[in-house]
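Peer 1: I am attaching a structure below and will ask some questions about it afterwards.
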Amino acid sequence: MSAIAESPKDARHETARLDLRLPREARELLDDAAAINGTTLTEYVLSRVLPAARRDVLEARTLRLTKTAWREFNEILDREDNERLAALREHRPAWGEPRA
């Protein structure tokens, strides 16, 4: 009879705790807002905070270029390698294969 190993718990369903100190009035306001929306405090806060956090992270990780800057960037990418860049591309690092 073979034993079936349990799969690790799906990381998306694990929970973590966030403790937060805030003024009593802010807590009461959040409780009221959650009640008005028919949700728990946790659901209310997450529904408001997570979209803002995603937006902030996306903004921080997104590079915006004008059409002119984009065209110049692509022209640079399309240039032939100079000697130093070609040598760097062919360099074999001590820890593995050269990059393709």
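Only the coordinates and a few stated rules stand behind these numbers; no lab work does. Computed from a predicted structure; not experimentally measured. Please note: Cβ atoms are built from the backbone with ideal geometry, for glycine as well, and neighbour counts cover all protein chains shown.
Peer 1: Count charges around residue 65 for me, please; just the other residues with Cβ under 12 Å from its Cβ, Lys/Arg as +1, Asp/Glu as -1.
Peer 2: Its environment carries a net charge of +2.
Peer 1: Continuing with this model, one more query. With springs connecting C-alpha atoms under 10 Å apart, model the chain as a Gaussian network and identify which of 15, 42, 66 has the largest mean-square fluctuation.
Peer 2: 15
Peer 1: Estimate the FRET efficiency between residue 68 and residue 88 by the formula 1/(1 + (r/R0)^6), using the beta-carbon distance for r and 30 Å for R0, to the nearest 0.05.
Peer 2: For R0 = 30 Å, the calculated efficiency reads 0.60.
Peer 1: What's the longest piece of the chain with no exposed trypsin sites (Lys or Arg not before Pro), counting a site as exposed if DSSP puts it in a loop and it has at most 10 other beta carbons within 10 Å?
Peer 2: My reading of the result: 22-63 is the longest stretch.
Peer 1: Say we join alpha carbon atoms closer than 10 Å with springs in a Gaussian network model of the chain; which of 52, 87, 16 then has the biggest fluctuation?
Peer 2: For the chain, modelled as a Gaussian network with Cα springs under 10 Å, the answer is 16.
Peer 1: Where in the chain are the DSSP H helices whose alpha-carbon span along the long axis reaches 20 Å or more and whose Kyte-Doolittle mean is at least -0.5?
Peer 2: Sorted by number, the helices that extend far enough and score high enough are 41-61.
Peer 1: Would you please name the GluC sites (Glu not before Pro) within region 23-99 that are DSSP coil residues with at most 15 other C-beta atoms within 10 Å of their C-beta?
Peer 2: Answer by residue number: 80.
Peer 1: Add -39500 (n - 2.57) for each DSSP H run of 4 or more in the chain, then divide by its residues: what number comes out at 222 nm, to the nearest 500 deg cm²/dmol?
Peer 2: For the chain, the value works out to -17500 deg cm²/dmol.
Peer 1: At each listed q (0.22 Å⁻¹), what is the log10 of I(q)/I(0) that the Debye formula gives for region 21-100 modelled as equal alpha-carbon point scatterers?
Peer 2: Cα-only, vacuum Debye calculation for region 21-100: -1.04.
Peer 1: Related question: Assuming 0.36 nm per residue, please report the length gained on full extension of the stretch residue 54 to residue 36 beyond their Cα-Cα distance.
Peer 2: Full extension of this stretch gives 4.0 nm more.
Peer 1: Then there is this: Placing unit charges on C-beta atoms (Lys and Arg positive, Asp and Glu negative, everything else neutral), compute the dipole magnitude of region 26-90 about its Cα centre in debye, rounded to 20.
Peer 2: Computed charge dipole of region 26-90: roughly 120 debye.
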